[in-house]
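A.B. asks: One structure, as structure tokens, below. Some questions next.
The values are calculated or read from the model by the stated rules, or taken from the named source; none is laboratory data. Every value quoted in this text rests on a predicted model; they were computed, and no experiment measured them. In this analysis, Cβ positions are derived from the backbone assuming ideal geometry, glycine residues included, and neighbour counts consider all displayed protein chains. With ligands, DNA and RNA removed, areas are computed over all heavy atoms of the protein, side chains included. Shrake-Rupley method; radii C 1.70, N 1.55, O 1.52, S 1.80 Å.
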Amino acid sequence: MAAPIPSDPLARPEEFPAAFIAAWQTRRGEAIAALFTEDADFVNVTGLWWHGRAAIAKPHDYALKSFFRETTLRAGRTEIRRLGEDVAVVRCRLTLSGQTTPDGATAGNRQTILTAVLQRGPGGWLAVSAQNTDVVPGKETHLNAGDFTAVDYRQR
């Protein structure tokens, strides 16, 4: 049985990573979107950029019911930077396990860094903007030389 959509407003920005993970485990895109303001935006790991709560919910719902249906997220290093009393930036390294490959196998674990700008409003803390970035160990940048791949220019 899926966990309920987080219904209590976030009292502190530090609660965002755990709330995101709990929403992920519901396998419902609207649970993820409930953590965002109505006019928020979200950039995913491939650069898809969604504007508005409904646009954030729809692709998350699809992914959570298909290639992410067996996944779990685990939070790692987390940092909070307050930009005032009512604004904070939250960064959290997440480990994703259990993703399904296109042929139905189970992929290896991935790590990402989820960055969210949160604003406190009458209903608590909500994300106004977020971006999820894949971590590619040992690489410096991406290169498009006919195929798009992560590369390292440092001399060994």
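A.B. asks: Which percent of the accessible area of the chain is formed by carbon and sulfur heavy atoms (probe 1.4 angstrom)?
C.D. replies: On the way: 4960 of 9320 Å².
Carbon and sulfur together cover 53 percent of it.
A.B. asks: Per-residue ellipticity at 222 nm for the chain, helices alone: DSSP H runs ≥ 4 residues times -39500 (n - 2.57), over residue total, nearest 500 deg cm²/dmol? All intermediate terms of the calculation are to be shown ahead of the outcome.
C.D. replies: Working: 3 runs with 28 residues, N = 156.
One gets -5000 deg cm²/dmol as the mean residue ellipticity at 222 nm.
A.B. asks: Kindly report the accessible area of the chain per residue (heavy atoms of protein chains, probe 1.4 Å, no ligands, DNA or RNA), in Å². Write down the numbers at each step before the final one.
C.D. replies: Details: 9320 Å² over 156 residues.
On a per-residue basis, 60 Å².
A.B. asks: Taking the Cα centre of region 22-135 as the origin, how large is its charge dipole in debye, to the nearest 20, when only Lys and Arg (+1) and Asp and Glu (-1) carry charge on their Cβ atoms? Write out the running numbers ahead of the final one.
C.D. replies: Working: 14 positive and 11 negative charges, 66 e Å.
About 320 debye.
A.B. asks: Can you give the Rg to Rh ratio of region 13-101, both from alpha-carbon atoms, with Rh computed by the Kirkwood formula? Display every interim value, and only then the final one.
C.D. replies: Working: Rg = 13.2 Å, Rh = 13.7 Å.
That ratio equals 0.96.
A.B. asks: What do you reckon, how do LEU143, LEU83 stack up by accessible area (1.4 Å probe), largest on top?
C.D. replies: Numbers: LEU143 65, LEU83 105 Å².
My answer, sorted largest first, is LEU83, LEU143.
A.B. asks: For region 41-119, which GluC sites (Glu not before Pro) are both in a DSSP coil and crowded by at most 15 other Cβ atoms within 10 Å?
C.D. replies: Details: sites: GLU70, GLU79, GLU85; in loops: GLU70, GLU85.
Here the GluC sites (Glu not before Pro) that fit, given the DSSP loop and packing criteria, are GLU70, GLU85.
A.B. asks: Percent of Cα-Cα pairs per 10 Å bin, from 0 to the last occupied bin, for the chain, please list those.
C.D. replies: The calculated distribution, bin by bin, is 11, 38, 34, 14, 3, 0.
A.B. asks: Okay, next question. Please name whichever of ALA34, ALA75, LEU114 sits farthest to the positive end of the charge dipole of the chain, dipole taken about the Cα centre and charges placed at Cβ: Lys and Arg +1, Asp and Glu -1.
C.D. replies: ALA75
A.B. asks: Moving to a separate point now. Let me check something: with ligands and nucleic acids excluded, how do ILE21, ILE80 order by accessible area (1.4 Å probe), largest to smallest?
C.D. replies: Working: ILE21 30, ILE80 55 Å².
So, going from the largest accessible area down, we get ILE80, ILE21.
A.B. asks: Right, next: Taking 1 over the mean of 1/r across every pair of different Cα atoms in region 88-150, what Kirkwood radius in Å do you get?
C.D. replies: Numbers: mean 1/r = 0.0695 Å⁻¹.
Roughly 14.4 Å, rounded to one decimal.
A.B. asks: Right, here's the next one. Taking amide H atoms as placed 1.01 Å from N in the peptide plane, list the residues 5 or more away in sequence, or in a different chain, whose amide H sits under 5 Å from that of ALA40.
C.D. replies: GLY52, ARG53
A.B. asks: Which three extents, in whole angstrom, do the alpha-carbon atoms of region 63-118 cover along their principal axes, largest first?
C.D. replies: Taking max minus min along each principal axis of the Cα atoms, region 63-118 gives 47, 20, 13 Å.
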